[in-house]
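Here's the structure, in structure tokens; my notes come after.
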Amino acid sequence: WWMDVLFMVGSACFALGAFQPFASAVAPNVVVAVFFIGSLFFTSAALLAYLQTTDGKLWSWQPSDLAWAAAGIQLIGTLWFNVNTAAARLTGLDAQQENLRVWTPDYIGSVCFLVASLLAVRLLDRPPWRAGRPWRISGLNLLGSVFFMAAAIAAYVLPDTGDLLDASVANTGTLLGALCFFVAARIEITPEE
């Protein structure tokens with residue numbers, strides 16, 4: 001329950017930060033703070049997910065266990081998002097510095113989320129049309145990861161202009177990805193009927 005609530009809060013922060021009416025109405029450092037706070041909630045939730053696969057042990061090595069691998073890779077991804085969102089508060093960076101300190105951790109974190117989501121889908125032992133709720137949760141998380149990956153790619157800073165490759169896709173991908181994660185966590189904590 002706590003894990004899902006933490007994912008929901010983190011997702012809400014990412015969705016809010018990417019929501020253009022909000023981002024346009026507040027100072028940029030407020031938007032960055034919202035993303036950073038969201039990343040901390042993601043990391044807390046991912047740590048709980050990881051600990052569920054290790055019987056509460058922080059250090060464990062179970063590479064043949066897909067659940068452990070998915071949770072561990074997701075946790076690593078959240079740590080990269082912590083780096084990404086913390087570095088985003090730095091000002092005066094040129095395009096190369098921005099890509100190294102902000103974009104690269106975002107991209108690596110997104111790759112981790114995508115791989116973790118693919119592993120979670122692989123864990124399902126039934127086809128989508130027969131798996132019901134587990135597939136809805138895993139499918140939404142996978143879709144959210146695809147949106148985050150699209151956002152990360154679009155957030156690459158062009159060296160010649162200093163502009164993002166596609167700011168609209170970066171914001172929209174982040175917003176849609178966060179909403180997918182939010183709904184998946186909400187489904188997870190909703191009692192089955």
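Residue selection: A18 fails the criterion of being touching a Pro at 6+ places or on another chain (Cβ under 7 Å) and either surrounded by 17 or more Cβ atoms within 10 Å (Cβ to Cβ) or more than 22 Å from L119 (Cα to Cα) (or both).
Checking the structure you have, find out if any residue of region 130-137 is under 28 Å from G17 (Cα atoms) and either in contact (Cβ under 8 Å) with a residue 40 or more places away in the chain or of a type in the set (D, E, K, R) (or both). Looking for residues that are under 28 Å from G17 (Cα atoms) and either in contact (Cβ under 8 Å) with a residue 40 or more places away in the chain or of a type in the set (D, E, K, R) (or both), one finds at least one in region 130-137, hence yes. Total residues in region 12-52 satisfying the condition of being among the hydroxyl-bearing types (S, T, Y) and in contact with a Ser or Thr (Cβ under 8 Å, 6 or more places away or on another chain): the figure is 2.
D4 passes every criterion in (1) of a type outside the set (K, R); (2) farther than 21 Å from G173 by Cβ; (3) open to solvent by 20 Å² or more (accessible area, probe 1.4 Å) apart from (3). Of the residues making up region 47-70, just one is farther than 25 Å from G17 by Cα, crowded, with 20+ Cβ neighbours inside 10 Å and in contact (Cβ under 8 Å) with a residue 40 or more places away in the chain, namely A70.
Annotation: of all residues in region 71-93 being closer than 23 Å to V32 by Cβ and small (G, A, S), the one that is surrounded by the fewest Cβ atoms within 10 Å (Cβ to Cβ) is G92. Per the listing R136, R126, the residue uniquely open to solvent by 60 Å² or more (accessible area, probe 1.4 Å), within 22 Å of the chain's Cα centre (by Cα) and not hydrophobic (A, V, I, L, M, F, W, C) is R136.
Taking L118 as the residue in question, decide whether it is free of Cβ contacts under 8 Å to residues at least 24 places away in the same chain, open to solvent by 50 Å² or more (accessible area, probe 1.4 Å) and more than 12 Å from the chain's Cα centre (by Cα). Answer is no for this residue. Taken as a whole, region 184-191 holds no residue that is open to solvent by 20 Å² or more (accessible area, probe 1.4 Å), within 12 Å of the chain's Cα centre (by Cα) and under 21 Å from V115 (Cβ atoms).
Residue count for region 22-46 under the criterion of being of a type in the set (S, T, N, Q) and open to solvent by 70 Å² or more (accessible area, probe 1.4 Å): the result is 2.
The values are calculated or read from the model by the stated rules, or taken from the named source; none is laboratory data. Source: prediction; values computed, not measured. Here Cβ is always computed from backbone atoms with ideal geometry, including for glycine, and neighbour counts include all displayed protein chains. Surface areas here come from the heavy atoms of the whole protein model, side chains and all, with no ligands, DNA or RNA. Shrake-Rupley method; radii C 1.70, N 1.55, O 1.52, S 1.80 Å.
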